[in-house]
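Structure below; questions to follow.
The values are calculated or read from the model by the stated rules, or taken from the named source; none is laboratory data. Only a predicted model underlies this, so the values are computations on that prediction, with no experimental measurement involved. Ideal geometry is used to build each Cβ from the backbone, glycine not excepted, and the neighbour counts take in all protein chains shown. Please note that ligands, DNA and RNA were not included when accessible areas were found on the heavy atoms of the full protein model with its side chains. Shrake-Rupley method; radii C 1.70, N 1.55, O 1.52, S 1.80 Å.
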Amino acid sequence: MDQNTGPLAGIRVVEMSHMIMGPSCGQFLGFLGAEIIKVEPPEGDKTRNLTGMGAGFFPSFNRGKKSITLNLKTDKGLAALNALLATADVFVENFRDETLGKMGLSPETLRQKYPRLITASCKGFLHGPYEKRAAMDEVVQMMTGMAYMTGPTGRPLRIGSSANDIMGGLFAAFSVLASLYARGRTGEGAAIRSGLFENCLLLVAQHMVQFDIEATESPPMPERVFSWPVYDLFTSKDDRQIFLGAATDGQWEKLCNALDLTHLLDDPELQTRPQQIEGRDRTLPLIAAKVAERDYADLLALFEANDLLFAPVSRPAEMYDDPHVNRPGGLITSAYPEKKSFRAPGLPVEINGRNPVGPNTDLPAIGEHTEEILAELGVTLEPAQ
């Protein structure tokens, strides 16, 4: 699909954001066919120049967008942005409320000027006592208990992804879709606010609700009480880790048969799931010993053939060699101006049997589309404006 045929064809989104949360919202909408116009300062989005663990931020979440540069510290730059917003369906931003207010870009002001405009504000917090606080993914993971649940006791640990930023952008995009649908009936826009903290709170809701219902708290995941007979990491003969699980009676039987541990199926003390869980101290060493007799590749083939619950323990870089990742449509190649082309996943969905992401997923150069878009608006600016 592309901007002419995708579900959101004809929808114009103006995005003024940086880092991950706002850009991911824009990219999700763009992958579904919307036109995404990214407004950057004259020097470009600062995340373009990040290195190390930040090197993937800009390319991962700004594919397929158009870029214009505006100096919003000038009256003419702001006027150009307003001329652009007058043509837009959606405005995505992740700036501080005070900053937007000083520029006359608060959601309330914009809705008065452009009643059909949908504003999607990607913030650290929803309205409340914390709404003015600064936030980042790691901050909200510490605040909500996510980090507590991820690391062992006394060692809170953020998860190994900017999951809250990405999901916060996804919830904003989700709400944009709902608001576009509602606008089709009412003709009115909407003011959306997506909260990074509240997103993370939803991710730990199962632990909160357990406490509210039972007045008990689960320990961190590394120390959790197991609900399954087998749900563990094992090491192969050639020293590779593999996760293996048996969560149902059928999986327990398949595992015992695959690893030549059929005598466990006849053990009178292992006939029910509670007995199998209670017997983990006895059964897990037997399973570990069987796993340690085989090489990693042989184990993967054995577990696949026996329809077991298993997973290789992989590094993100190894995903480029994964056969499922490399299926048609699994990875999208994008050009990156002044750097190199790269491969990255698209939307994790299929529509009518295929990935909906259209052919244009290249990264824009800084201000690549400024002249084209401003000419369309009838606006002329000097470079500094």
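State the extension gain, in nm to one decimal, for the chain segment bounded by Thr186 and Tyr231, taking 0.36 nm per residue of separation less the distance between their alpha-carbons. Kindly include the intermediate steps, with their values, before the conclusion.
Numbers: separation 45, 0.36 × 45 = 16.20 nm, distance 5.09 nm.
Working it through step by step, the gained length comes to 11.1 nm.
What distance in nm lies between label points placed 7 Å from Cα along the C-beta direction at Ala215 and Asp75?
With each label point 7 Å from Cα toward Cβ, the separation is 6.7 nm.
Which whole-number percentage describes the relative contact order of the chain, with Cα contacts under 8 Å and a sequence gap of 6 or more?
Rounded, it is 19 percent for the chain.
For region 288-341, which trypsin sites (Lys or Arg not before Pro) are in a loop by DSSP, counting at most 15 other Cβ atoms within 10 Å? Each step should come with its number before you reach the end.
Numbers: sites: Lys290, Arg294, Lys339, Lys340; in loops: Arg294, Lys339, Lys340.
Passing sites in region 288-341 are Lys339, Lys340.
Please compute the net charge surrounding Gln275, taking Lys and Arg as +1 and Asp and Glu as -1 over other residues with Cβ under 9 Å from its Cβ.
-2
Right, something else. With each pseudo-label sitting 7 Å past Cα toward Cβ, what's the Glu98-His324 distance in nm, one decimal?
Simple spin-label model gives 4.8 nm for this pair.
Right, something else. How much accessible area per residue does the chain have, in Å², with a 1.4 Å probe?
53
What do you get for chymotrypsin sites (Phe, Trp or Tyr not before Pro) in region 204-243 restricted to DSSP loop and a cutoff of at most 13 other Cβ within 10 Å of the site's Cβ?
Loop-located and lightly packed - Phe226.
Under 15 Å from a point 7 Å along the Cα-to-Cβ line of Arg315: which residues of region 327-356 have their amide N that close?
Under cut-off, by backbone N: nothing.
A further question follows. So how far apart, in nm, are the two label points at Thr248 and Asp260 if each is 7 Å from Cα heading toward Cβ?
2.8
Across every pair of different alpha-carbon atoms, what Kirkwood hydrodynamic radius in Å does region 171-302 reach?
18.8
For Asn49 and Glu376 in one chain, what is 0.36 nm times their gap in residues minus the Cα-Cα distance, to one decimal in nm?
That pair, Asn49 and Glu376, stretches by 114.7 nm at full extension.
Follow-up. So, counting K/R as plus one and D/E as minus one, what does the shell of residues with Cβ under 9 Å around Leu196 add up to?
Once all neighbours under 9 Å are counted, the net charge is -2.
Please report, to one decimal in angstroms, the Kirkwood hydrodynamic radius of the chain built from all distinct Cα-Cα pairs.
23.9
If you split all Cα-Cα distances of region 305-385 into 5 Å bins from zero, what percentages do you get per bin, shortest first?
3, 10, 15, 14, 15, 12, 10, 7, 6, 4, 2, 2, 1, 0
Please report the carbon-and-sulfur percent of the accessible area for the chain; probe 1.4 Å, protein heavy atoms only, DNA, RNA and ligands left out.
55
For Val313, what is the net charge nearby, where nearby means another residue's Cβ is under 14 Å from its Cβ and Lys, Arg count +1, Asp, Glu -1? If you can, show how the numbers build up before the last one.
On the way: positive: Arg240, Arg315; negative: Asp232, Asp238, Asp239, Glu318, Asp322.
Residues near Val313 contribute -3 overall.
On to the next question. Among the GluC sites (Glu not before Pro) in region 199-237, which ones are in a DSSP loop with at most 14 other Cβ atoms within 10 Å of the Cβ? Mind listing them?
Glu217
Let me ask something additional. Relative to the present Cα-Cα distance, how much length would full extension add between Phe174 and Lys339 at 0.36 nm per residue of separation?
Value of the extension gain: 56.2 nm.
Another question, then. P(r) tail for region 1-105, what percent of Cα pairs lie past 22 Å?
For region 1-105, the share of Cα pairs beyond 22 Å comes to 30 percent.
Kindly provide the helix-only [θ] at 222 nm of the chain, computed as the sum of -39,500 (n - 2.57) over DSSP H runs of four or more divided by all residues, to the nearest 500 deg cm²/dmol?
When only DSSP H runs of four or more count, the value is -10500 deg cm²/dmol.
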